Amino acid sequence: LLDSSLGDYNADLSKLLISPSLSEVQDAIKDLLFAEDKIDCFTLYFAGHGISHMGTYYLCVRDTFTNKLSATALPLNYIFNVINETQPLQTNIIIDACAAGGLVDDLGSLIKPEVFGNAGSPSVSLFGSCMRDEEAEEEDAGGVATLELLKYLNGEEKIDTRWPFLDLVQIGRNVSVDLKNKDYGQTPVIWGLSLTGISTFSKNPHYQSAAFTASNTIDLHTFISSD
C-alpha cells in the first residue's frame, strides 16, 4: 500500500511490527492515530493468532498468555475506542487470523450515536478472514485470505473499471466468493459503515475514467454517492 500506484499511503506514518509485544502495539496505535489532527485513511492489517473469548475478540501478540487474555492480549475494542476518539475519515481493519468472525462481538463499542450520524461522520470497513467457528488457513507465501486480497490490490484480479479507488467491503465480497470456490473451509466476514460517501482502501489498478461498462461484477449498493 506504500506503492504510489497501488495505495500511496504515507510511508512516514506507516509502521510494520513483526512479533510485537502488547505495549509495542498499543504505543504504535497511539502514536499513529494521535500524530495528526485528522487522518484521511487509517488501515490496520493483522496476521497472527486471534481468539474470540467471553464476548471479546483478542489479537494475540508476543507476550500473550491464552489463560490471561484480558491482561496480555489486545482486545479489538481497544482499537475501536481509539478510533472513536480520533475519528480518522476512513478506517480499514483486516484480520487474517482464526475465529476472526468474532470481531462482531465488539461492534457495539464502535457504533455509537455520538460518533456516527453527524456531518463528516467517519467510514469504517472490516474484513475477517473466517467465521468465528473456522480456522484461517495458510500457505508458504502467507494466509490464503491475504493472498486472495492481494490479487485485487495489485491488479491480478479485476473488479471494476469505473471507480478510481477500491473499498475493502467490495474486495472482501469477491475474496469471500473466491475462497468458497476453492473450498478452503473458511468464509470471510465483511462489515462496513459509510454515511458520507465512498469508502476508500486502495487505488484501482484497472480504473478507466471513460469506461461505460464494468468488468466482472460490481454491487452498486457498495457505494453511496456524495453528489
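The listed residues are Ser129, Ser194, and the only one of them that is at pLDDT below 90 and buried (at least 19 other Cβ atoms within 10 Å of the Cβ) turns out to be Ser194. Look at (1) in contact (Cβ under 8 Å) with a residue 40 or more places away in the chain; (2) within 15 Å of the chain's Cα centre (by Cα); (3) open to solvent by less than 50 Å² (accessible area, probe 1.4 Å) and you find that Arg173 fails only one, number (3). Among the residues of region 137-156, the one identified as within 19 Å of the chain's Cα centre (by Cα), part of a loop (DSSP other than H, G, I, E, B) and among the charged types (D, E, K, R) is Glu137.
Tell me, which strands (runs of 3 or more DSSP E) wholly within region 1-97 include 1 or more residues that are open to solvent by 70 Å² or more (accessible area, probe 1.4 Å) and out of contact with any strand residue (DSSP E or B) (no Cβ under 8 Å at 6 or more places or on another chain)?
50-53
I'd like to check something: does region 107-120 contain any residue that is open to solvent by less than 10 Å² (accessible area, probe 1.4 Å) and of a type in the set (Phe, Trp, Tyr)? The answer is no; no qualifying residue exists.
The values are calculated or read from the model by the stated rules, or taken from the named source; none is laboratory data. These numbers were taken from a predicted model, which means no experiment stands behind them. Cβ sites come from the backbone with ideal geometry, for glycine too, and all protein chains shown count toward neighbours. When the accessible area is computed, the model is the full protein with side chains, heavy atoms only, and any ligands, DNA or RNA have been set aside. Shrake-Rupley method; radii C 1.70, N 1.55, O 1.52, S 1.80 Å.
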